[in-house]
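Down below is the structure, laid out as structure tokens.
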Amino acid sequence: RHAQKEMIHFGNIAGAKAWIGPAAFRKTNYLEMLPGFKAGIPSLKHIIMVEDGPERPGMLSYNKILSQAKPGKYSAESLAKYNPDPDEVCILLPTGGTTGLPKLVPRTHNNYLCNAYFSCTRFDKTPRDADLVITPIAHNAGLMRLMYRLVYGGRLILGNSTRPGDILETIQKERATSCFLVPTLLIDILNEPDRDKFDLSSLYILSSGAAFLAPETLREARKNIKCNVINNFGMSEGPCIGPRVDYPEEEILYTVGKAHCPWDHYIILDEDGKEVPVGQEGELAATGPTVFTGYYN
């Protein structure tokens with residue numbers, strides 16, 4: 001969803017060696033951007049296109065590379081030498097650019113595994129769960145659901161529509177047990193006139209985040225969708241906070257719960273860096289195993 005300017009910015013921060021993607025996706029024509037990528041990112045060596053058809057001049061075909069792979073050539077033992085250090089960066093996540101171009105958040109393997117494990121514990125995840133992901137998979141909310149399934153097993157369902165009817169149909173068809181929705185999508189589902197025509201009995205938990213969710217809307221959702229609906233707080237930088245479903249309703253409606261990881265620590269600071277009393281506004285500060293150590297480059 002990022003435009004050429006942001007993509008070139010990311011490529012230079014990361015020292016990207018390759019770009020892998022489709023010729024076009026929905027309204028975005030990536031072929032038109034590629035000359036700009038090549039000119040604007042000196043480290044870029046390879047363009048790998050994911051599409052059917054003949055290989056384009058000067059580009060590699062993802063499907064052709066895949067067709068030439070020989071999975072049986074290597075034993076499991078031969079892969080051991082490629083094992084990454086668990087404290088090495090596994091992904092660079094784009095974050096909001098409210099004061100300029102977006103930044104990249106480095107997250108390590110240990111950092112994400114820790115986050116996913118304690119989030120699964122808080123939300124009672126099991127290998128029988130099926131998580132429906134509507135949000136972009138490259139953002140923390142979507143990626144965390146992928147990590148849940150890597151840690152605990154189960155199914156990941158990737159939705160490709162934000163229309164409320166499509167979301168409800170997917171929940172019914174796939175028997176989804178959980179789904180994360182931003183507040184606007186949750187409100188769309190509450191206002192969907194055909195909502196009661198869908199069987200949502202498989203849903204154990206609906207979580208919302210990324211923006212403020214009014215307690216009144218949360219109360220209405222819990223009443224009408226008839227599953228555990230909760231409000232989360234999370235950041236690409238790592239901190240994740242949420243309530244357990246067995247919390248008193250007052251806490252579920254008016255708070256975002258507690259830190260998923262018991263070793264994460266959160267405080268609210270004033271302008272002088274001193275902790276403020278309970279109930280006063282200030283700046284959130286966080287540290288712990290799930291929290292990143294600084295923006296990349």
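The values are calculated or read from the model by the stated rules, or taken from the named source; none is laboratory data. Quantities reported herein were computed from a predicted structural model and do not represent experimental measurements. Backbone-built Cβ (ideal geometry, glycine too); neighbour counts: all protein chains shown. Accessible surface areas use protein heavy atoms only, side chains included; no ligands, DNA or RNA. Shrake-Rupley method; radii C 1.70, N 1.55, O 1.52, S 1.80 Å.
Scanning the stretch 244-293 for residues that are out of contact with any Leu (no Cβ under 7 Å at 6 or more places or on another chain), among the β-branched types (Val, Ile, Thr) and closer than 24 Å to Leu218 by Cβ gives Val245, Ile252, Thr255, Val256, Val278.
Residues in the stretch 82-111 that are modelled with pLDDT under 85 and open to solvent by 80 Å² or more (accessible area, probe 1.4 Å): Thr98, Thr99. Of everything in the stretch 254-265, what is touching a residue at least 24 places away in the same chain (Cβ under 8 Å), within 13 Å of Pro239 (Cβ to Cβ) and not in a loop (DSSP other than H, G, I, E, B)? Give them in sequence order. Answer for the stretch 254-265, where residues must be touching a residue at least 24 places away in the same chain (Cβ under 8 Å), within 13 Å of Pro239 (Cβ to Cβ) and not in a loop (DSSP other than H, G, I, E, B): just Ala259. Of the residues making up the stretch 222-243, those that are outside any loop (DSSP other than H, G, I, E, B) and either in contact with a Leu (Cβ under 6 Å, 6 or more places away or on another chain) or over 16 Å from Ser178 (Cβ atoms) (or both) are Lys223, Asn224, Val229, Asn231, Phe233, Ile241. Scanning the stretch 266-295 for residues that are surrounded by 13 or more Cβ atoms within 10 Å (Cβ to Cβ) and free of Cβ contacts under 8 Å to residues at least 24 places away in the same chain yields Ile267, Ile268, Leu269, Asp270, Val276, Gly282, Ala285, Thr287. Annotation note: of Ile13, Ile47, the sole residue that is open to solvent by less than 60 Å² (accessible area, probe 1.4 Å) and either out of contact with any helix residue (DSSP H, G or I) (no Cβ under 7 Å at 6 or more places or on another chain) or without any contact (Cβ under 8 Å) to a residue 24 or more places away in the chain (or both) is Ile13.
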